[in-house]
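Below is one structure; the comments refer to it alone.
The values are calculated or read from the model by the stated rules, or taken from the named source; none is laboratory data. What you see is a predicted model; the values in this text were computed from it and never measured. Cβ coordinates were reconstructed from backbone atoms using ideal geometry, including for glycine residues, and neighbour counts include every protein chain displayed.
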Ligand SMILES: *Cc1c(COP(=O)(O)O)cnc(C)c1O
């Protein structure tokens, strides 16, 4: 039976390759950190990980993970509500709520699951979901699983959002849904305006803080801190897989009743395994460290500032960023691919993004700055960009 679908799949794969869209994976043979070993042969500086706070290989975090594994075992072998909740899971949920200034938190195996399981338990076909056009795939999938009426507004376009909110007045409940930081440009959602519109048109607000938590705001506590909205955003989702150590795991944090209902009805929570003690213990340490001092976050802010300024001074076209994502605009798809390959030869690992991941003729290299980079590494990266930029006629 496999014969006919096999041929079909082979053809599909061939088509993907011919379209130049086949994704190859580079094999890292070291730990994930600022300097990594790729393909067992080349040491490169890593500027394309979500390791914003440089905690992926942090010694204290690893030690806490080992301790948790020693004391609480390796696996939970159960979903949370049957026999998969330990004291440390509850402690981590509380630590996350403290960090964001929210009432309660529910853990998931990933933020993809947090977003996938968020909407269907809360909203029915009587309700409205008003979603930014550039929201993450997991939000789009989560919204699809829910019967609420869907409205879409152009990325960060507040006039369009207001139009959609007017149209959505006929529904029972409304929720505005946005990423905190949009991952291709590094721009921050205009939460002050979104929150004001939500008040005016009687809507809830949900923000996905995957790229903003740990990064944005005076102490890195995300968009609610940046816009003075602590405790006022109804629902925040986030990941343990980026700034907070980068392992795996997600969460939804916010209003108590919302979290309570999710524990009763959210399918990825009810029908999927609990996160393992090693991740819980290590993550507890991450939040403890971030409570104690703002040193790591300050370092990230300093690094971003240094890098962006140096790149602008060199003459690169940088998208205005308010996060740790720095989009170096090259516009041409082929150029972005070649540029990234040349940088790899210089020991700098970055990724070029082009259509359909970004709009046509908006190809770019996305650089992700980390608190784990030292000054010398940042300088080496800028130097390599300048060298390749001159060679490829991007810089005069
Ligand atoms: C990375 C990301 C996710 C998925 O997070 P995981 O925990 O890796 O599943 C969801 N939303 C946004 C905006 C992200 O950037």
Report yes if some residue within the range 56-70 is loosely packed, with under 13 Cβ neighbours inside 10 Å, modelled with pLDDT of 95 or more, over 26 Å from residue 209 (Cβ atoms) and in contact with a strand residue (DSSP E or B) (Cβ under 9 Å, 6 or more places away or on another chain); otherwise report no. no
Of all the residues that make up the range 296-349, how many are under 19 Å from residue 53 (Cβ atoms) and modelled with pLDDT under 95? 2
Inside the range 94-111, can you point out the residues that are closer than 20 Å to residue 277 by Cα and either within 16 Å of the ligand (Cβ to nearest atom) or free of Cβ contacts under 8 Å to residues at least 24 places away in the same chain (or both)? 94, 96, 105, 106, 107, 108, 109, 110, 111
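Does residue 123 qualify as being touching a helix residue (DSSP H, G or I) at 6+ places or on another chain (Cβ under 8 Å), assigned by TED's automatic domain parsing to the domain that holds residue 251 and in contact (Cβ under 8 Å) with a residue 24 or more places away in the chain? Let's see the steps before the verdict.
On the way: touching a helix residue (DSSP H, G or I) at 6+ places or on another chain (Cβ under 8 Å): no; assigned by TED's automatic domain parsing to the domain that holds residue 251: yes; in contact (Cβ under 8 Å) with a residue 24 or more places away in the chain: yes.
Here the answer is no, as residue 123 does not meet what is asked.
Name the one entry in 42, 86 that is at negative phi, outside the structural domain of residue 233 (by TED's automatic domain parsing) and surrounded by 13 or more Cβ atoms within 10 Å (Cβ to Cβ).
Of the residues listed, the single one that is at negative phi, outside the structural domain of residue 233 (by TED's automatic domain parsing) and surrounded by 13 or more Cβ atoms within 10 Å (Cβ to Cβ) is 42.
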Just the residues that are surrounded by fewer than 23 Cβ atoms within 10 Å (Cβ to Cβ) and within 16 Å of the ligand (Cβ to nearest atom), please, taken from the range 186-206. 187
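In a helix (DSSP H, G or I), surrounded by fewer than 18 Cβ atoms within 10 Å (Cβ to Cβ) and touching a strand residue (DSSP E or B) at 6+ places or on another chain (Cβ under 6 Å): does that describe residue 383? Before the answer, list the steps.
Details: in a helix (DSSP H, G or I): yes; surrounded by fewer than 18 Cβ atoms within 10 Å (Cβ to Cβ): yes; touching a strand residue (DSSP E or B) at 6+ places or on another chain (Cβ under 6 Å): no.
So residue 383 fails the test.
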Of the conditions (1) more than 16 Å from the ligand (Cβ to nearest atom); (2) part of a helix (DSSP H, G or I), the single one that residue 74 does not satisfy is (2)
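Looking only at the range 121-142, count how many residues are away from the ligand (no atom under 11 Å from the Cβ), part of a loop (DSSP other than H, G, I, E, B) and closer than 16 Å to residue 236 by Cα. Show your work before the answer.
The first filter runs over the range 121-142 and keeps only residues away from the ligand (no atom under 11 Å from the Cβ), leaving 121-131, 133.
Cutting the leftovers down to part of a loop (DSSP other than H, G, I, E, B) gives us 121-127, 133.
Within this subset, residues satisfying the condition of being closer than 16 Å to residue 236 by Cα are 121-122.
Residues in the range 121-142 being away from the ligand (no atom under 11 Å from the Cβ), part of a loop (DSSP other than H, G, I, E, B) and closer than 16 Å to residue 236 by Cα: 2 in total.
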Using the structure shown, decide if residue 167 is surrounded by fewer than 20 Cβ atoms within 10 Å (Cβ to Cβ) and either more than 14 Å from residue 129 (Cβ to Cβ) or touching a strand residue (DSSP E or B) at 6+ places or on another chain (Cβ under 7 Å) (or both). yes
